[in-house]
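Everything on this sheet refers to the single structure shown next.
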């Protein structure tokens, strides 16, 4: 981001997609492949972390906190990016995010096309 550049938070995902698309479409295929891989790793990193945080807050009976987070402009937008908001709002899906697995090394995998 350049000095003085501002963007409404709700438009950040759109800007990220625009920039990522330009890089993925780079004439050098290696650049596009690396950017796609980077985005996959960032996605899995955030998705796993958010899902576990939500499960931990729920385990501590933090439903009111989670409902407030889901309704917040910034936190709700982040939850939307990972399809987690609806599960936190009243009347949302009954299934809560899965509880964290027993302590062990966590391995994640990204899908390759």
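Quick look at the values:
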| quantity | calculated |
| --- | --- |
| Net lengthening on full extension, residue 47/residue 65 (0.36 nm per residue, minus Cα-Cα) | 4.6 nm |
| Gain on full stretching of the segment that runs from residue 20 to residue 56 - 0.36 nm per residue minus C-alpha separation | 9.8 nm |
| Cα extents of the range 10-81 along the three principal axes, largest first (Å) | 50, 22, 9 |
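Throughout, read-outs are computed from the coordinates displayed, never taken from laboratory work. Not measured: the values here are computed from a predicted model.
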